[in-house]
Amino acid sequence: MSRTLPRWLCAGLTRALLTLAQALLPSRQADWARAMRAEVLAIDDAQDALIYAWGCFTAALHLATCRAVGSLSEPDHLGLACAGLVVGLGGTFMATRDAPSGYAWVNGLSLALACASFWLLPRPRLQQDARWRAATTFALGAALLWASAPQADGAAPTGWLRLGPLPVQATWLLCPAWWAVSAPVAGASPLPLALRALQLTGLAMGLFALAAQAQAPLLAVTAVLLAMRVARTRSSALAALALLAVALARAAQARWTAPPPSPYVDEVLQLAFMHSAALGGLMTAAWLTLLLPGLLHRRAREHGLAWAALLGLALPGWLPAPVLGFGGSFIVGYVLSLALLPGGPATASRRPRVSSASPPARRAPPLPRAGLA
């Protein structure tokens, strides 16, 4: 490093590097961060202090990178990274084409809101505690039913709500989360009768909500998911709900109509392929990364199947292109479904406990017998 830097510049760079290093370190390494700062401030020579601060920053950056890469081993973090990739690529495509200027911004803000919800929710409890999952299933089923109430003008319910100036499709937002949180937790003890009834009631309310909106494709996906759970759990109650989903899907099929095509809401891949085959292939590959959590992690298999069905339904235009096209409801729905995956890692129970007591004194190894009297 050059020895010609002025002292004031070295001091400023040193403080900036220390601040960045402390920001990169987790709270459990606060003692190490304070010791690092004290060590740097104790160095009289400004150039040496800057060199030491640079070493501390690179070490903290290396640790933060290792933590970020390690977090991708969990399906919810991996899915969050994939959602960011897809939203970023879709937003860039819309911003560089003739799409309305607000489309990319709305998707970006929806992703920011979804990420904030992801980190603020009590995910370990929602993923592991079967009681919380049963109550959340009931709450989401009730919310779906409320969104399916008849409109004021007597028109058929569509699931569209208005939150201030922003229209929200409640069904596309809540249904993926409802699927995820109603999935059973592997190895969990059976629920008490009251909580089991609460969970089944939430599932039934969601089915009737989808039927009220004539959402035949989503009812069909729900029937498949319930049939998979019946095959695993041999539950007669779930079997009855699966049959109800099939009956409601057949009844809703006569009233269901595909949404009218809208550029950059659906047909996004078609527009990309019209521009160039390379761009279309890139966007298709990025879109399919949404299925990686289900492909790489057993506890996210059902999540991957549900989203594979949604992506497949979007290809002929029966649904908007989830996450890739314009529409924040599917973006928030995807991230919420990741937060509610069943059976998250019990990090607290797996982490070894560190005792505050001093370790026992290590005994010296026994002396060899040879050469001793």
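The values are calculated or read from the model by the stated rules, or taken from the named source; none is laboratory data. The structure displayed is predicted, hence computed values, not measured ones. Note that we place each Cβ from the backbone using ideal geometry, even for glycine, and neighbour counts take in every protein chain shown. When the accessible area is computed, the model is the full protein with side chains, heavy atoms only, and any ligands, DNA or RNA have been set aside. Shrake-Rupley method; radii C 1.70, N 1.55, O 1.52, S 1.80 Å.
Here are some notes:
- Candidates in the stretch 196-212 are the residues that are open to solvent by 20 Å² or more (accessible area, probe 1.4 Å) and in contact (Cβ under 8 Å) with a residue 40 or more places away in the chain; of these, the one that is farthest from the chain's Cα centre (by Cα) is A212.
- Here the condition is being part of a loop (DSSP other than H, G, I, E, B) and touching a Leu at 6+ places or on another chain (Cβ under 9 Å); of A183, A177, it holds for A183 alone.
- Residue satisfying all of: in the stretch 4-14; part of a helix (DSSP H, G or I) and in contact (Cβ under 8 Å) with a residue 12 or more places away in the chain; farthest from W54 (Cα to Cα) among these: R7
- Hits in the stretch 33-51 - residues which are under 36 Å from the mean Cα position of the chain (by Cα) and buried (at least 16 other Cβ atoms within 10 Å of the Cβ): A33, M36, R37
- Residue within the stretch 233-249 that is assigned to a helix (DSSP H, G or I), among the basic types (K, R) and at pLDDT below 95 present: no
- Here C56 does not fit the description of being touching a Leu at 6+ places or on another chain (Cβ under 9 Å), open to solvent by less than 40 Å² (accessible area, probe 1.4 Å) and in contact (Cβ under 8 Å) with a residue 40 or more places away in the chain.
- Test: W132 is in a helix (DSSP H, G or I), closer than 23 Å to G84 by Cα and modelled with pLDDT under 95: no
- The stretch 48-77, subset of a type in the set (S, T, N, Q) and assigned to a helix (DSSP H, G or I), residue modelled with the lowest pLDDT: S71
- Given (1) open to solvent by 40 Å² or more (accessible area, probe 1.4 Å); (2) outside any helix (DSSP H, G or I); (3) in contact (Cβ under 8 Å) with a residue 40 or more places away in the chain, index of the condition A99 fails: (1)
- Condition met for G344 (assigned to a loop (DSSP other than H, G, I, E, B), modelled with pLDDT under 90, surrounded by 10 or more Cβ atoms within 10 Å (Cβ to Cβ) and out of contact with any strand residue (DSSP E or B) (no Cβ under 9 Å at 6 or more places or on another chain)): yes
- Annotation note: Cβ proximity below 7 Å between a residue of the stretch 298-320 that is open to solvent by 30 Å² or more (accessible area, probe 1.4 Å) and a residue that is in a helix (DSSP H, G or I) (sequence gap 6+ or interchain) occurs for R299/P75; R301/G294; L305/G294; A308/L291; A309/V221; W318/P217.
- Selected residue [of a type in the set (A, V, I, L, M) and farther than 30 Å from L271 by Cβ] from L50, L80, L89, L85: L50
- The stretch 18-28 - residue that is more than 15 Å from W54 (Cα to Cα) and free of Cβ contacts under 8 Å to residues at least 24 places away in the same chain and, of those, least open to solvent (accessible area, probe 1.4 Å): S27
- Within the stretch 249-295, the set of residues being surrounded by 18 or more Cβ atoms within 10 Å (Cβ to Cβ) and either more than 30 Å from the chain's Cα centre (by Cα) or among the acidic types (D, E) (or both) comprises A252, D266, E267.
- Of the residues making up the stretch 17-47, those that are in a helix (DSSP H, G or I) and among the acidic types (D, E) are D31, E39.
- Answer residue from the stretch 213-248, given it is open to solvent by less than 40 Å² (accessible area, probe 1.4 Å) and touching a Pro at 6+ places or on another chain (Cβ under 7 Å) and is nearest to L200 (Cα to Cα) among those: R229
- Filtering the stretch 135-151 to residues that are at pLDDT below 95, open to solvent by 50 Å² or more (accessible area, probe 1.4 Å) and part of a helix (DSSP H, G or I) leaves L145, W146.
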